[in-house]
Amino acid sequence: MEKFRFLTAGESHGKYLTAIIEGLPSGIEIDINFINEELKRRQKGYGRGARMEIETDTVEITSGVRYGKTIGSPVTLVIKNRDFESWEKVMSIAPEDITDEKEFTTYRPGHADWAGSVKYSTNLRNILERSSARKTAIEVAVGAVAKLLLKQLNIDCKSEITQIGSACCCGDFEKEIDLAKENGDTVGGKFVVLYQNLPAGLGSHVHWDRGIDGRKAQAVMSIPAVKVVEIGTNPLGYYGSNYHDEFSIDNGEIGRTSNNAGGIEGGITNGQDLVVSAVMKPIPTMKKPLKSVDSKTLKETEAHFERSDVCAVEACSVVAESRIAWVLVNEILLKFGGDSLEELKRNYKI
Ligand code: EPS
């Protein structure tokens, strides 16, 4: 069931990234500066590549907002790819512009190149352009709009990196990234996202596809390069007696002595903080390439290298925050409804 829906479009080196969002109540203040700050956060982080020096991602809103507030109609967001200037011919939509410039024929192990080419096109550039994590820029813009609605309900979010490569201490993260860079390599890591002040009762236990844990896992797992999603404390190695969060009475109210469940029980939020962790694999585009095969000659060779990040875990945590925001907004609209912010707040009792 979708109340908050959107589609995104755009290629990594195409002219624009675009999103059309449908289902936002009217009356939500759209602070463009906040959206742009979120876009800036996604571009940051030690270990990002040269593309981030070219782009200064900023959003343009072309529908659905008047005098700073949503009006209930679809909201269109657009981000311009500055790098398009250098790719105009390569990414042209006009058949007469066809060129071999920047085409490549060697698959990158771990990227979508091979599997995507089996499915859609033997031209690997056609696969790279949409499988690139560049599309997460517009996803973060959509997430920022979702966060603006959540802010109206006093729901806050933060995230933190907990591991880079084998380093678990923040002081060692940059060293680990430097080492990977020196070796022409890449490195992944782990982060945790926390949402506070959520209502109990989002999601449901009644059908497999209505559990908010499953919806969050899907949203975070499908971020490029994410391989593991955990909700709450990883239960491996625990006994039930020391894992489950016991009930207590706190100032006359039902409380909990811990939050290993990460704020979800039976696929429903329980009012505790929502805790979602994820592991991002090392980015597959490497300066020191792995062994590969040339799709045209079928000879063994080295994988394609195109400008890339050494580490993008920090950016990934911002993308995960955004994707969780989409899921939360959808569940909030499903449970509380409201065509205007006023109506939503009344139902929500704020
Ligand atoms: C990214 C933009 C991309 C990559 C990166 C993420 O830009 P370009 O391809 O021009 O360098 O830097 O994506 C990948 C490394 C990848 O493998 O998908 C961005 O905007 O985050």
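The values are calculated or read from the model by the stated rules, or taken from the named source; none is laboratory data. In this text, all values refer to a predicted model and were calculated from it rather than measured experimentally. So basically every Cβ, Gly included, is an ideal-geometry build from the backbone, and we count neighbours across all protein chains shown.
Is it true that E174 is away from the ligand (no atom under 16 Å from the Cβ) and surrounded by 13 or more Cβ atoms within 10 Å (Cβ to Cβ)?
When the stated conditions are applied, E174 passes them.
Looking at E160 and the list (1) acidic (D, E); (2) part of a helix (DSSP H, G or I); (3) surrounded by fewer than 19 Cβ atoms within 10 Å (Cβ to Cβ), which single condition is not satisfied?
For E160, the failing item is (2).
Give me a count of the residues in region 79-98 that are in contact with a helix residue (DSSP H, G or I) (Cβ under 6 Å, 6 or more places away or on another chain) and either of a type outside the set (D, E, K, R) or within 30 Å of N33 (Cα to Cα) (or both).
Number of matching residues: 3.
Do we have D83 as buried (at least 20 other Cβ atoms within 10 Å of the Cβ) and of a type outside the set (K, R) here?
No, not satisfied.
Considering only region 111-140, state which residues are out of contact with any helix residue (DSSP H, G or I) (no Cβ under 6 Å at 6 or more places or on another chain), farther than 19 Å from D83 by Cα, more than 10 Å from the ligand (Cβ to nearest atom) and not polar (S, T, N, Q).
Those that are out of contact with any helix residue (DSSP H, G or I) (no Cβ under 6 Å at 6 or more places or on another chain), farther than 19 Å from D83 by Cα, more than 10 Å from the ligand (Cβ to nearest atom) and not polar (S, T, N, Q): W114, A115, V118, K119, Y120.
With the structure loaded, tell me whether I79 is in contact (Cβ under 8 Å) with a residue 40 or more places away in the chain, touching a Gly at 6+ places or on another chain (Cβ under 9 Å), away from the ligand (no atom under 12 Å from the Cβ) and part of a strand (DSSP E or B) or whether it fails that test.
no
Could you please give the count of residues in region 44-71 that are under 30 Å from P25 (Cβ atoms), within 16 Å of the ligand (Cβ to nearest atom) and not in a loop (DSSP other than H, G, I, E, B)?
So the count comes out to 1.
Please find, among A217, A167, the residue that is of a type in the set (G, A, S) and over 22 Å from N270 (Cβ atoms).
A167
Looking only at region 10-43, filter to residues that are in a strand (DSSP E or B) and within 13 Å of A141 (Cβ to Cβ); which one of those is nearest to the ligand (Cβ to nearest atom)?
Narrowing region 10-43 to residues in a strand (DSSP E or B): 16-22, 26, 29.
With the extra rule that they be within 13 Å of A141 (Cβ to Cβ), the set shrinks to 16-21.
On the way: Y16: 13, L17: 9, T18: 15, A19: 15, I20: 20, I21: 20 Å.
Looking at the filtered set, the residue picked out is L17.
Among the residues of region 94-110, are any free of Cβ contacts under 8 Å to residues at least 40 places away in the same chain and within 12 Å of the ligand (Cβ to nearest atom)?
yes
Please specify each residue of region 303-321 satisfying the condition of being near the ligand (Cβ under 10 Å from one of its atoms), under 15 Å from K190 (Cβ atoms) and either surrounded by fewer than 23 Cβ atoms within 10 Å (Cβ to Cβ) or small (G, A, S) (or both).
Those that are near the ligand (Cβ under 10 Å from one of its atoms), under 15 Å from K190 (Cβ atoms) and either surrounded by fewer than 23 Cβ atoms within 10 Å (Cβ to Cβ) or small (G, A, S) (or both): A312, A315.
Out of curiosity, is A146 part of a helix (DSSP H, G or I), within 16 Å of the ligand (Cβ to nearest atom) and surrounded by 17 or more Cβ atoms within 10 Å (Cβ to Cβ)? If you could, list the steps in order and put the result at the bottom.
On the way: part of a helix (DSSP H, G or I): yes; within 16 Å of the ligand (Cβ to nearest atom): no; surrounded by 17 or more Cβ atoms within 10 Å (Cβ to Cβ): yes.
So A146 fails the test.
Name the residues in region 225-283 that are touching a residue at least 12 places away in the same chain (Cβ under 8 Å), farther than 20 Å from D156 by Cα and of a type in the set (A, V, I, L, M), would you?
Correct list: A225, V226, V228, V229, V279, M280, I283.
Scan region 82-107 residue by residue and report those that are of a type in the set (F, W, Y) and farther than 23 Å from V118 by Cα.
Of everything in region 82-107, those that are of a type in the set (F, W, Y) and farther than 23 Å from V118 by Cα turn out to be F84, W87.
May I ask you to verify whether S277 is within 16 Å of the ligand (Cβ to nearest atom) and either in a strand (DSSP E or B) or at pLDDT 95 or above (or both)?
no
Name the residue that is surrounded by the fewest Cβ atoms within 10 Å (Cβ to Cβ), counting only residues in region 191-229 that are basic (K, R) and more than 16 Å from the ligand (Cβ to nearest atom). So that I can check it myself, show each step before the final result.
Within region 191-229, the subset basic (K, R) is 210, 215-216, 227.
Pick out the ones that are also more than 16 Å from the ligand (Cβ to nearest atom) and you get 210, 215-216.
On the way: R210: 16, R215: 21, K216: 26.
Filtering region 191-229 for residues that are basic (K, R) and more than 16 Å from the ligand (Cβ to nearest atom), the one surrounded by the fewest Cβ atoms within 10 Å (Cβ to Cβ) comes out as R210.
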